[in-house]
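Below is one structure; the comments refer to it alone.
The values are calculated or read from the model by the stated rules, or taken from the named source; none is laboratory data. All values reported here derive from a predicted model rather than from experimental measurement. Cβ: placed from backbone, ideal geometry, glycine included. Neighbour counts: every protein chain shown.
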Amino acid sequence: MNYEKDTQIDNSALDVEWLKQPTLMFQYTQHQAKMEQKYTDTIEEFELYMAKIDKDVRTNPEEYEITGKVTETVVKNTIITSEKYEENKHKVVLAKYELDVAKGAVRAIDTKKTSLENLVKLHGQSYFAGPSVPRDLDKEWEKQEKQKISNKKVKIERRH
């Protein structure tokens, strides 16, 4: 999915943009649902890992080089210092990130819908219509040149 491309609006083809909008919204909400499922699965895997290693540390403390009493703090510290804990925790963080991005994309597609509605309203009010009187470019150019000359004179006079 290309979030940035899909959230952009082609002002010259509002009709085409409107035709694509429902499909985009469906695709992105479906993607969001997949990311929510992935996040839920990752959390469950992490919790299962935590339960297994907790049980293993309590059952076999010598394998984890625990020589003293097996307390809650000792078990917790043993678990969070293991390599697999970091791996599994990283998977949870990554799944959460992907879910957040998917939610943001759905919000962006919804915002695109609102933007399209407003652009269509503006178009209906002739906001994008050109001027009704033809412009005389020669006169406009001459006026701008005179203004530039006038501005230069003012600058010169200020310096003295």
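Among residues of segment 75-93 being part of a helix (DSSP H, G or I) and out of contact with any helix residue (DSSP H, G or I) (no Cβ under 8 Å at 6 or more places or on another chain), the one that is nearest to GLN32 (Cα to Cα) is VAL93. A residue that is of a type in the set (Ser, Thr, Tyr) and within 31 Å of the chain's Cα centre (by Cα) occurs somewhere in segment 78-94.
Being under 21 Å from GLN37 (Cα atoms), modelled with pLDDT of 90 or more and of a type in the set (Lys, Arg) is the requirement here; does LYS103 meet it? Yes, satisfied. Put simply, of VAL120, VAL106 the only residue that is within 30 Å of THR40 (Cβ to Cβ), aliphatic (A, V, I, L, M) and assigned to a helix (DSSP H, G or I) is VAL106. Looking at the structure I just gave you, is VAL93 of a type outside the set (S, T, N, Q), modelled with pLDDT of 95 or more and either out of contact with any Cys (no Cβ under 9 Å at 6 or more places or on another chain) or at negative phi (or both)? Against the criterion (of a type outside the set (S, T, N, Q), modelled with pLDDT of 95 or more and either out of contact with any Cys (no Cβ under 9 Å at 6 or more places or on another chain) or at negative phi (or both)), VAL93 qualifies. Just one residue in the set VAL74, VAL57 is in contact with a Ser or Thr (Cβ under 6 Å, 6 or more places away or on another chain) and within 29 Å of VAL93 (Cβ to Cβ); that residue is VAL57.
Taking the criterion of being of a type in the set (Asp, Glu) and surrounded by 15 or more Cβ atoms within 10 Å (Cβ to Cβ), the residues of segment 1-44 that qualify are ASP6, GLU17, GLU36.
For first residues located in segment 96-113 and more than 9 Å from THR7 (Cα to Cα), partners that are of a type in the set (Lys, Arg) and surrounded by fewer than 19 Cβ atoms within 10 Å (Cβ to Cβ) and lie 6+ apart or on another chain with Cβ distances below 9 Å form the pairs GLU98/LYS38; LEU99/LYS38; ALA102/LYS34. Of the candidates SER150, SER115, the single residue that is at pLDDT 85 or above and not in a loop (DSSP other than H, G, I, E, B) is SER115.
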